[in-house]
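The values are calculated or read from the model by the stated rules, or taken from the named source; none is laboratory data. Since the structure is predicted, the reported quantities are computational estimates derived from the model, not experimental observations. No Cβ is skipped: glycine too gets one built from the backbone with ideal geometry, and neighbour counts run over all protein chains shown.
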Amino acid sequence: MNEFPNGFLWGGATAANQCEGAWNIGGRGLTKADVITGGSKSEERKITYIDKDGNPGVLANKRSSIPKGATHAVLDGYYYPSHESVDFYHRYKEDIALLAEMGFKVFRLSISWTRIFPNGDEETANKEGLDFYHKVFEECKKYGIEPLVTLSHFDTPIYLEENYGGWNNRKLITLYERYAETCFKEYKGLVKYWITFNEINHPLMIAELFKENKSKDVYQSVYQQLHHKFVASARAVKKAHAIDIENTVGCMISGITFYPGTPDPDDILLNQYKWENIIYYCGDVQCRGEYPSFAKRLWDLHHVQLEITEQDKKDLKEGCVDIYTFSYYMSTIVTTHPNEDVVSGNYSSGVRNPYLTYSQWGWALDPKGLRYYIEKIYDRYKIPLMITENGLGAMDHVEADGSIHDTYRIDYLREHIKEIKVAINHGADVIGYTSWGCIDLISSSTGEMSKRYGFIYVDRDNQGRGTLNRSRKDSFYWYQKVIQSNGSNLL
């Protein structure tokens, strides 16, 4: 089979907090991204705040919690990449026209919760925010592009974090449900593909990455927060189906392929447990509607006492997602044996794989790992899959004539698309592919612009300087041919 299935959804993906900008325009409220400074591969991004005595402060890294009684704040003298980002808010027409020129069938983007409910707990939605996304979705429809909309992409209103305790508080289930219902009703007829939470397993990855510093209280919080999100997602799925029978709702998992480092049975078991903890735990609840048997092992290991009601169980069972969407950038090796050659990327770390090459940011380049992941996940859940993030973060060089010859990006995407095709031929039901950062945007992990993923170059540097002008890379024209040929022309 040389082509992908008819109707395959080719496109690209972005997130509001990494491309939209306009952080204080149109009645929008604050999110955590708005108080996180720029960083780099070697320098952590930081969080700024004002303490209970009114003094400004800054945390050493973005994963830390601000002091008790403090409030997150934007301070003078710091650069916050999300404040303007690449200004999609004002340039969405130009950007969507470029996506249409490539032939996009689908465009994954997120709604900023705080544009709709600035604090998150208002009774009435913000009309300016609703109107903005109306215009964006209508622009997509003008070109025949289906919006694939993520409701929560790492942008819980900061007011809910400070005044409710974030997702530790069960009340956020109801607030999220109101937000989701508002969007489903408001954009009925414009949007039919939805994702409830981006990379919902992200907290588990962070806990695992920094587990030596984690107390049992932290794990209790992580698992309880996840439970509240699972219930909120399930209720949103039920609302979406009730409001519009055409709605298709997916989960979204940060997909990493794990390999055992040796044939040692301890490595084999560790690898199995890694899949269960990082990948299957969230997927099983959202796709099967109940916690897996191995959840007890995880809860016991971390002394977790999960607060779960009978209504929660009913909601989870009735609110299974329709499709499984996931990101995939890399694979990693896990082992119980000492090995100092460790690499990291996308909130995971592991031993270097001698059979693979690595990106400038230390991420393993493993197309076959994507095929492995697809076949493994489809066999487990038997629902349609969509790869909603995949791509190569790299530094691009602009030639004197303005051209950008990003053959390395084309090579990366070509090899991954080939493996998707193999997985489909092996029986997996894959319905779409949206490469990450189809237009250059700021990096979530480092806040840099130099770590570029896009087919479209944005004139912006790591300090926020530049014209923001857009230009087409060589990969733009390559992906245009891929879409036109429905995946048969990858040259």
Test set (1) farther than 30 Å from GLY7 by Cα; (2) assigned to a loop (DSSP other than H, G, I, E, B) - SER349 fails condition number: (2)
Out of THR388, THR325, THR335, sole residue that is in contact (Cβ under 8 Å) with a residue 12 or more places away in the chain, crowded, with 20+ Cβ neighbours inside 10 Å, touching a Gly at 6+ places or on another chain (Cβ under 6 Å) and among the polar types (S, T, N, Q): THR325
Selection count, region 382-404, where residues are within 21 Å of the chain's Cα centre (by Cα) and within 16 Å of THR248 (Cα to Cα): 6
Residue match in region 443-458 (condition: buried (at least 24 other Cβ atoms within 10 Å of the Cβ), touching a residue at least 24 places away in the same chain (Cβ under 8 Å), under 22 Å from MET102 (Cα atoms) and in contact with a Pro (Cβ under 9 Å, 6 or more places away or on another chain)): no
Some residue of region 220-237 being β-branched (Val, Ile, Thr), out of contact with any Lys or Arg (no Cβ under 6 Å at 6 or more places or on another chain), over 18 Å from VAL285 (Cα atoms) and in the same structural domain as GLY289 (by TED's automatic domain parsing): no
Subset of region 226-241 (residues that are in contact (Cβ under 8 Å) with a residue 12 or more places away in the chain and of a type outside the set (A, V, I, L, M)): HIS227, HIS228, LYS229, PHE230, SER233, ARG235, LYS238, LYS239
Given (1) under 17 Å from SER331 (Cα atoms); (2) buried (at least 16 other Cβ atoms within 10 Å of the Cβ); (3) more than 22 Å from the chain's Cα centre (by Cα), index of the condition GLN220 fails: (1)
So SER64, is it more than 23 Å from GLY464 (Cα to Cα) and part of a loop (DSSP other than H, G, I, E, B): yes
Exclusive hit being buried (at least 18 other Cβ atoms within 10 Å of the Cβ), in contact (Cβ under 8 Å) with a residue 12 or more places away in the chain, of a type in the set (D, E, K, R) and touching a helix residue (DSSP H, G or I) at 6+ places or on another chain (Cβ under 6 Å), set GLU139, GLU146: GLU139
Any hit, region 405-418, residues being more than 24 Å from THR257 (Cα to Cα) and either surrounded by 19 or more Cβ atoms within 10 Å (Cβ to Cβ) or not β-branched (Val, Ile, Thr) (or both): yes
Of all residues making up region 20-61, the number that are part of a strand (DSSP E or B) and under 20 Å from ARG460 (Cβ atoms): 1
Which listed residue, of LYS376, LYS418, LYS368, LYS382, is at positive phi, in the same structural domain as GLU199 (by TED's automatic domain parsing) and charged (D, E, K, R): LYS382
Hits in region 67-92 - residues which are assigned to a loop (DSSP other than H, G, I, E, B) and more than 21 Å from VAL458 (Cα to Cα): PRO67, LYS68, GLY69, ALA70, ALA73, VAL74, LEU75, ASP76, GLY77, TYR78
Among (1) part of a helix (DSSP H, G or I); (2) closer than 24 Å to HIS134 by Cα - the single one GLY250 does not satisfy: (1)
Yes/no for ASN277 being under 27 Å from THR262 (Cβ atoms), modelled with pLDDT of 95 or more, surrounded by 14 or more Cβ atoms within 10 Å (Cβ to Cβ) and among the polar types (S, T, N, Q): yes
Residues of region 253-299 classified as aromatic (Phe, Trp, Tyr) and not in a helix (DSSP H, G or I), total: 4
Condition met for GLY21 (surrounded by 13 or more Cβ atoms within 10 Å (Cβ to Cβ), out of contact with any strand residue (DSSP E or B) (no Cβ under 7 Å at 6 or more places or on another chain) and under 23 Å from GLY454 (Cα atoms)): yes
Meets criteria (among the charged types (D, E, K, R), farther than 25 Å from VAL74 by Cβ and at pLDDT 95 or above) for GLU161: no
Count - residues of region 136-160 that are farther than 21 Å from THR325 by Cβ and of a type in the set (A, V, I, L, M): 2
